[in-house]
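Notes follow once the structure below has been shown.
The values are calculated or read from the model by the stated rules, or taken from the named source; none is laboratory data. As the structure is a prediction and not an experimental result, all values here were calculated from the model. As a convention, Cβ positions derive from the backbone with ideal geometry for all residues, glycine included, and neighbour counts pool all protein chains shown. Heavy atoms of the whole protein, side chains included, go into the accessibility calculation; ligands, DNA and RNA do not. Shrake-Rupley method; radii C 1.70, N 1.55, O 1.52, S 1.80 Å.
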Amino acid sequence: MKYSLETVIWLLLLLKSTDQSDLNIAIIGGGIGGTSCAYFLKEIFKDLVNLDIYEGNKVGGRLATVIMSDGNEYETGGSVIHQRNKYMSNFVSYLGLQKRKSVFKNERLGLHNGKDFDFIENDNYYVNLMNILWRYGYSIKRLQEFINSMLDKFERIYELQTNGLSYDSIYDLLTAMDPSFVNYLNISVRDAYLKEERFSESLITELVQASLRVNYGQNTNVHEFVGSVSMAGMDGSLWSVKGGNKRVVEKLLEKSKAHLVPEYVVQITKNNDSYTLLTNFKKKATYDYVVFAAPLAENQKVPITFSNMPLALNKVGKYHQTVSTLVVGEMKRTKFSPISDDLLPITIISNNENEFFNSISNVEGVNETGSLNVWKIFSQHPLSNNQIDHLFENVSDVKVVEWLAYPHYQVPTESQSFHIADRLYHINAIEWAASAMEMSCIGAKNVALLIKKHFHSNELNETTKWSHIEL
């Protein structure tokens with residue numbers, strides 16, 4: 001009795017998998033990218049895979065919190081998630097977490113130019129709408145339509161990944177979403193919006209610039225894709241996780257059953273079909289696959305040495321420093337009159353790049369607490385005592401977190417590879433398109449699918465050697 005070639009291969013793969021030795025995978029980085037990749041790999045390989053996550057700092061990466069003198073905990077890193085972010089939304093539901101309810105009502109936004117305000121939100125919805133239309137014209141409506149259209153195209157990635165498709169580079173991944181997205185990487189958001197979309201100058205220099213100052217600490221010279229992602233985060237359809245966004249990372253680590261190694265990897269040595277990792281504690285371990293879930297940049301926090309690699313790995317670009325300062329104190333409200341005249345929660349974004357801060361805002365606690373005396377300031381450099389005193393009085397607590405938050409975006413942007421060497425992958429390549437929690441999850445899913453593709457390709461090649469067998 002003869003069976004088809006496909007049936008024979010499938011049967012042999014099935015028999016082989018029941019007696020398969022464990023698949024060992026190392027993930028370097030315990031943030032949202034690393035832990036979501038561990039979750040996806042566990043989902044794919046089940047009990048076949050052993051996962052080690054190397055994280056020398058706190059689990060969560062850039063999703064971090066601090067406790068202030070008022071006894072409440074506050075986000076210092078990635079703070080908000082868009083309502084159309086499917087992976088983050090699904091994680092919260094699946095992991096038994098909750099979306100945080102906002103305790104601030106009638107929060108007002110002001111765009112400051114270094115001397116006074118270009119725009120201040122009004123409490124009255126209709127008055128505010130008229131003010132926006134008066135200042136920015138119909139461009140504001142067309143921009144909203146443009147962003148919604150982009151998000152519609154962006155969402156194609158979820159169906160593609162559900163169908164098991166994976167991509168070697170960010171160019172390939174963006175092209176799969178929509179072929180026009182690659183062009184977005186090679187033109188500044190300013191030129192694209194002004195010359196191609198014909199949006200008004202004031203909309204670009206005020207609203208778009210403000211979004212980039214608060215979200216990425218940069219200006220409208222960044223490429224169009226990240227500029228548009230930044231604008232998507234300004235439409236108010238945002239949420240956070242109760243208890244802190246880091247709770248998603250902690251729960252993913254738990255669900256993946258990955259083993260946490262609280263050490264930094266400092267050296268990676270390539271063997272024939274594996275890699276040996278060396279940590280800062282001089283410990284060694286060997287793996288079938290290695291996944292980078294951390295920046296691989298010129299100024300990365302912990303440098304890693306590569307040994308016995310067939311080609312030199314070029315580190316691309318630099319990451320941009322952002323400083324998050326939390327202050328418990330009273331704002332000197334005369335500094336920002338009239339937005340600060342009323343006792344309402346406020347966010348002030350400075351579009352003046354010579355100003356010492358990017359933004360100042362009242363900040364809610366991660367457990368649904370709120371105080372008008374707790375503030376978060378984003379800046380390019382650590383604030384001096386004089387600068388803090390310039391803004392606040394009766395200060396009782398200050399916490400400072402410096403982090404290399406996201407790439408320093410430039411035009412043009414070269415295509416970065418997720419598959420940087422045989423059995424060696426890089427989730428954070430996707431950050432050169434845009435840095436966001438959801439983007440990290442998409443990159444993590446892509447890498448998990450690339451490993452699946454490579455693993456089964458090797459298994460298939462090995463099995464087809466016996467495809468002449470008759471059963």
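Report the Cα centroid-to-centroid distance between the range 382-421 and the range 256-301 in angstrom, as an integer. Here the answer is 26 Å between Cα centres.
Dipole check for the chain: with +1 at the C-beta of Lys and Arg, -1 at the C-beta of Asp and Glu, and the Cα centre as origin, the magnitude is about 620 Debye. Among the lysines, select those whose C-alpha is under 27 Å from the C-alpha of Lys335, and discard any that sit fewer than 8 residues away in the same chain. Partners found: Lys105, Lys115, Lys376, Lys399. Annotation for the range 174-236 versus the range 26-70: alpha-carbon center distance of 30 Å.
A cut-off of 5 Å between modelled amide H atoms, ignoring neighbours fewer than 5 places along the same chain, links Phe119 with Leu111.
For the range 121-261, the mean projected area of the C-alpha convex hull, equal to one quarter of the hull surface, is 11.7 nm². Principal-axis analysis of the Cα atoms of the chain puts helix 32-45 at an angle of about 30° to the longest axis.
Convex hull volume of the C-alpha atoms in the chain, normalised per residue: 158 Å³. With all protein chains present, how much of the accessible area of the range 182-275 (probe radius 1.4 Å) comes from carbon and sulfur, to the nearest whole percent? Heavy-atom surface of the range 182-275 belonging to carbon and sulfur, 1.4 Å probe: 44 percent. Placing unit charges on each Cβ (+1 for Lys and Arg, -1 for Asp and Glu) gives the chain a dipole about its Cα centre, and among Tyr409, Leu207, Asn308 the Cα reaching farthest toward its positive end belongs to Asn308.
In summary, the lysines within cross-link reach of Lys453, defined as a Cα separation below 18 angstrom excluding same-chain residues under 8 places away, comprise Lys16, Lys42, Lys46, Lys445.
Over the chain, what is the relative contact order in whole percent, taking alpha-carbon pairs under 8 Å and six or more residues apart? After rounding, I find 26 percent. Amide H to amide H distances under 5 Å link Asn50 with Leu23, Asn24, Ile25, where only residues 5 or more positions off or on other chains count and H is placed in the peptide plane. The relative contact order of the range 216-302 comes to 14 percent, based on Cα pairs under 8 Å that sit 6 or more residues apart. Suppose we flag chymotrypsin sites (Phe, Trp or Tyr not before Pro) only when DSSP calls them loop and at most 13 other Cβ atoms lie within 10 Å. Which is the longest uninterrupted stretch of the chain? Between the exposed loop sites, the longest stretch runs 282-471. The accessible area of Asp168, taken with all protein chains in place and a 1.4 Å probe, comes to roughly 80 Å².
In the chain, the DSSP beta bridges split such that about 65 percent are antiparallel, to the nearest 5. Derived scalar couplings between HN and Hα for the range 422-436 equal 4, 6, 10, 10, 9, 5, 6, 4, 5, 5, 6, 7, 5, 9, 6 Hz in order, rounded to whole Hz, by the Karplus curve 6.51 cos²θ - 1.76 cosθ + 1.60 (θ = phi - 60°), x for Gly and Pro. With R₀ set to 22 Å, the beta-carbon distance separating Leu160 from Ser93 gives a calculated FRET efficiency near 0.50. Between amide H atoms placed 1.01 Å from N, distances below 5 Å from Asn367 occur with Glu73, Gly243, all of them 5 or more places distant or on a separate chain.
Scalar couplings 3J(HN,Hα) for the range 179-195, obtained by applying the Karplus form with A = 6.51, B = -1.76, C = 1.60 to θ = phi - 60°, are x, 6, 5, 4, 5, 4, 7, 10, 8, 5, 5, 5, 5, 5, 6, 7, 8 Hz; x denotes Gly and Pro.
Applied to the range 398-404, the Karplus parametrisation 6.51 cos²θ - 1.76 cosθ + 1.60 on θ = phi - 60° returns per-residue 3J(HN,Hα) values of 9, 10, 10, 10, 9, 8, 7 Hz, with x for Gly and Pro. Other residues within the sphere of radius under 14 Å centred on the Cβ of Ile349, judged by their own Cβ, net out at -4 (K and R +1, D and E -1). With the alpha-carbon atoms of the range 238-303 aligned to their principal axes, the span from lowest to highest coordinate is 45, 30, 22 Å, starting with the largest. Count Lys and Arg as plus one, Asp and Glu as minus one, and take only other residues whose Cβ is under 13 Å from that of Asn163; the net charge is then +3.
With both residues required to sit in the range 228-322, DSSP beta bridges show an antiparallel share near 75%. Between 0 and 90 degrees, the angle of helix 139-154 with respect to the longest Cα principal axis of the chain falls at about 20 degrees.
Give me the net charge for the shell around Thr325: Cβ to Cβ below 15 angstrom, other residues only, Lys and Arg +1, Asp and Glu -1. Summing Lys and Arg as +1 and Asp and Glu as -1 gives -3.
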